[in-house]
Amino acid sequence: MQPLIDNARMFGQRPEEFAHLAKGQSPDVLFITCADSRVVPALITGARPGELFELRTAGNVVPPYASATPTGEAATIEYAVQVLGVKHVVVCGHSHCGAVGAVVRHDDLTAVPAVRDWLAHAADEPKCSDPADPTVAEAVQNHVLAQLERLRSYPCIEKRLEAGELQLHGWYYEVHTGVVREHRAESDTFETL
Ligand SMILES: [Zn+2]
């Protein structure tokens with residue numbers, strides 16, 4: 001922890017770099033990814049403060065939209081789309097994802113009931129021909145596509161898609177190489193960016 005505190009102390013010594021951010025934010029992109037510490041959106045994309053609006057959940061799960069039961073995820077998505085007017089939403093899964101791996105391996109999650117219930121409630125089991133593959137690449141990629149489909153059911157997203165004002169992107173990030181692949185609709189495959 002101490003090195004992180006030291007860096008945070010240093011970070012605040014360049015106020016002139018950040019002064020313009022007081023005027024507000026207008027990011028183009030909502031970036032939805034896993035909470036995994038190996039996935040660092042700003043590092044991957046080179047984004048500066050103000051450029052990425054982020055939503056991070058265990059397993060980059062987008063929960064089902066239900067207006068009767070507000071969630072932090074739905075609020076974050078709605079704010080990004082309706083208020084900030086982001087033009088792109090990226091759902092970025094990653095290799096070696098513990099959450100997706102647990103779903104396809106049917107791991108016993110009794111010791112982490114909140115994780116178990118979150119995944120049971122929000123994550124359908126993705127198609128996976130080899131659950132023993134440590135990267136769980138196939139499962140994660142299918143899982144990303146399922147989250148994109150779920151996003152389409154959010155009223156605010158549906159509206160902006162119909163108006164042609166929003167684009168959805170499916171990404172797969174390899175934590176062990178740094179390579180990013182994106183889903184290409186034409187071939188229905190994930191290809192290197
Ligand atoms: Zn993960």
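The values are calculated or read from the model by the stated rules, or taken from the named source; none is laboratory data. All values derive from a computational prediction rather than experimental measurement. So basically every Cβ, Gly included, is an ideal-geometry build from the backbone, and we count neighbours across all protein chains shown. We work out accessible area using only protein heavy atoms, side chains counted, and drop any ligands, DNA or RNA first. Shrake-Rupley method; radii C 1.70, N 1.55, O 1.52, S 1.80 Å.
Only helices enter the 222 nm calculation for the chain: every DSSP H run of n ≥ 4 contributes -39,500 (n - 2.57), and dividing by all residues gives -9500 deg cm²/dmol, rounded to 500.
Put +1 on the Cβ of every Lys and Arg and -1 on every Asp and Glu Cβ in the chain; which of Pro63, Pro3, Ala120 then has its Cα farthest towards the positive end of the dipole? Ranked along the dipole, the leading option is Pro3.
For the residues Ser129, Ser26, Ser37, a GNM of the chain with alpha-carbon springs under 10 Å puts the largest fluctuation on Ser37.
In this simple spin-label model, placing a label point 7 Å from the Cα along the Cα-to-Cβ direction at both Ala114 and Thr189 gives a separation of 4.1 nm. Taking the DSSP bridge list for the chain and keeping only pairs wholly inside it, about 30 percent are antiparallel.
Of the residues Val179, Val104, Val91, the one that moves most in a GNM of the chain with alpha-carbon contacts below 10 Å is Val179. Using a probe of 1.4 angstrom and keeping all protein chains present, the accessible surface of the stretch 74-134 works out to 51 square angstrom per residue.
Between Val100, Val29, Val175, where does the largest GNM mean-square fluctuation fall for the chain, given springs only between Cα atoms within less than 10 Å? Most flexible of the set in this elastic network: Val175. The packing ranking, built from the mean of other Cβ atoms within 10 Å per residue, places the peptides 45-53, 78-86, 62-70 in the order 78-86, 45-53, 62-70, highest first. What lysines sit close enough to Lys159 to cross-link, taking a C-alpha to C-alpha distance under 19 Å and skipping anything fewer than 8 places away on the same chain? Result set, ordered by chain and number: Lys87.
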